[in-house]
Amino acid sequence: MEYNYQAKNNAGQIVGGIIDAPSQDDAISILHNKQLVVLSLTPLKKDILSKDLNQVLSRTTTKDIVVFTRQLSTLIEADMPLAEGLRTLAQQTEKPGLKKTVMEVAQSVEGGSSLSAALNDHPKIFTTFFIKLVQAGEASGKLQGSLTYLADYLERSQSINSKIRGALIYPAFVVSSLIIVALIMGIYVLPQLLGVFKDSGVTNLPITTRILMAGTAFLNDYLYYILAVLVIGGFLITRFLRTPQGKVWRDNFLVNMPSLGKVVQNLYLARMAESLSTLIKSGLPILDALRITADLVGNENYRVIILASEENVRSGGSISEILSQYKEMPPLFSSMVAIGERTGKLDYMLEHVSKFYKSESETAIGSITQLIEPILVLILGFAVAILVSSILLPIYSLVGSG
């Protein structure tokens, strides 16, 4: 629930704003932790009609966060006070949701909070990785550098994700269109055409025509049952994929897919290496860096491997000892990590590992994109040939017998 508050900070200034908390006591506790003396706290009542529709619909994207981070870095480099810089960015931000968030962050900073603590109040927009890097920048006195690196990191991640989406959008569109056209023809067009053959009494129909007639009859007789099975099946699969066992199965499937599996694996390895390298460079303790990387990697198998590495390091061992025990980790990755640990340049080695696997992924994505198009053309041509032959050949037989 949201509360409107007025409070006094350590400098004796009156500050106000909106805070989101489960209860009034929790809101007061949060404000006290920010070294604020609460003067007034009133619930902010909102009904469905009073909500800002633009705020609901305008979701904050990675691109928005990149722009915000880079602009904030520039303002800090120009020696603008942090709170003033945040308010300036809030005023020029077009997304209502992000504008509200940045304004609340600015109010928290004005109230005496650090930037990382203020960002931590908005976990849906700012990830743990983001907040930890900001915290490391504050501790080292290099906040501007941390923000610049964060913007570069997010841009690189977004670029790879865009390439993957771009490679998959075209085949997904073609396959979806093919299924929709097939359903429309099977429900509205083919029953009438194939009914002519059934009424004519022709017995020597081609095998493709008989299969098409049986498939069309099955689709029309059991259409609602088929839709019910698809809906229930989709719901059950979604529920299963949210369970720990489902996440493991999904991750194994993605990594073991023909052709694409190697690309996905390389992307996970690149993300793991770059995230760990970035966190180490920022001055975070190795245990914290491993724990955050485990949550960032996005694959349950690699998460288990990283957490096992963390436990081994905590016991006095090394990361490479654990990595070399898992078949999911290529020997190159483990060897580079081992060299980095021996030379004290782990972040440097991980950075090069990340570049290597990222380059491998981008090259493979380009090759797969070029290969997908002719394969789809062949599939479409084969489907059209089967459909045309199933309809035209019986028509020629009818005309010849007539």
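Kindly state which helices (runs of 4 or more DSSP H) lie completely within segment 276-340 and contain at least 3 residues that are surrounded by fewer than 18 Cβ atoms within 10 Å (Cβ to Cβ). Don't jump to the end; show me each part of the working.
Details: elements: 286-296, 300-314, 319-323.
Per the criteria, 286-296, 300-314.
When segment 124-154 is limited to residues that are surrounded by fewer than 19 Cβ atoms within 10 Å (Cβ to Cβ) and of a type in the set (D, E, K, R), the one that is farthest from L72 (Cα to Cα) turns out to be K124. Filtered by the rule that a residue be modelled with pLDDT of 85 or more, assigned to a helix (DSSP H, G or I), farther than 23 Å from Q158 by Cα and out of contact with any Ser or Thr (no Cβ under 8 Å at 6 or more places or on another chain), segment 53-89 gives I76, E77, L82, A83, E84, G85, L86, R87, T88. Summed over segment 90-103, residues that are surrounded by fewer than 21 Cβ atoms within 10 Å (Cβ to Cβ) and out of contact with any Asp or Glu (no Cβ under 7 Å at 6 or more places or on another chain) total 9.
Could you tell me whether Y396 is more than 24 Å from Y153 (Cα to Cα) and in a helix (DSSP H, G or I)?
Numbers: more than 24 Å from Y153 (Cα to Cα): yes; in a helix (DSSP H, G or I): yes.
For Y396, the condition - more than 24 Å from Y153 (Cα to Cα) and in a helix (DSSP H, G or I) - is met.
Looking only at residues in segment 200-238 that are polar (S, T, N, Q) and in a helix (DSSP H, G or I), which one is modelled with the lowest pLDDT? Going through the qualifying residues, I end up with S200.
Can you work out which of the residues in segment 90-130 that are of a type in the set (G, A, S) and part of a helix (DSSP H, G or I) is nearest to S146 (Cα to Cα)? Let's see the steps before the verdict.
Residues of segment 90-130 of a type in the set (G, A, S): 90, 97, 106, 108, 111-114, 116-118.
Subset that is part of a helix (DSSP H, G or I): 90, 97, 106, 108, 116-118.
Values: A90: 20, G97: 24, A106: 19, S108: 20, S116: 12, A117: 16, A118: 16 Å.
Taking the candidates together, the pick is S116.
Which residue out of S335, S389, S324 is within 22 Å of K281 (Cα to Cα) and small (G, A, S)? Write out each step before concluding.
On the way: S389 fails: within 22 Å of K281 (Cα to Cα); S324 fails: within 22 Å of K281 (Cα to Cα).
S335 is the lone residue from the list that is within 22 Å of K281 (Cα to Cα) and small (G, A, S).
Any residue at all in segment 148-162 that's charged (D, E, K, R) and closer than 30 Å to K8 by Cβ? There is no residue in segment 148-162 that is charged (D, E, K, R) and closer than 30 Å to K8 by Cβ. Counting the residues of segment 1-28 that are more than 16 Å from Q107 (Cβ to Cβ), among the polar types (S, T, N, Q) and either at pLDDT 75 or above or surrounded by 12 or more Cβ atoms within 10 Å (Cβ to Cβ) (or both) gives 1. Residues that are small (G, A, S) and closer than 30 Å to V196 by Cβ were ranked within segment 208-248; the one that is surrounded by the fewest Cβ atoms within 10 Å (Cβ to Cβ) is A214. Among the residues of segment 356-376, the ones that are hydrophobic (A, V, I, L, M, F, W, C) and under 18 Å from V175 (Cβ atoms) come to 5 in all.
The values are calculated or read from the model by the stated rules, or taken from the named source; none is laboratory data. The model shown is predicted, which means the values in this text are computed figures rather than measured ones. Note that each Cβ is placed from the backbone with ideal geometry, even for glycine, and that neighbours are counted across all protein chains shown.
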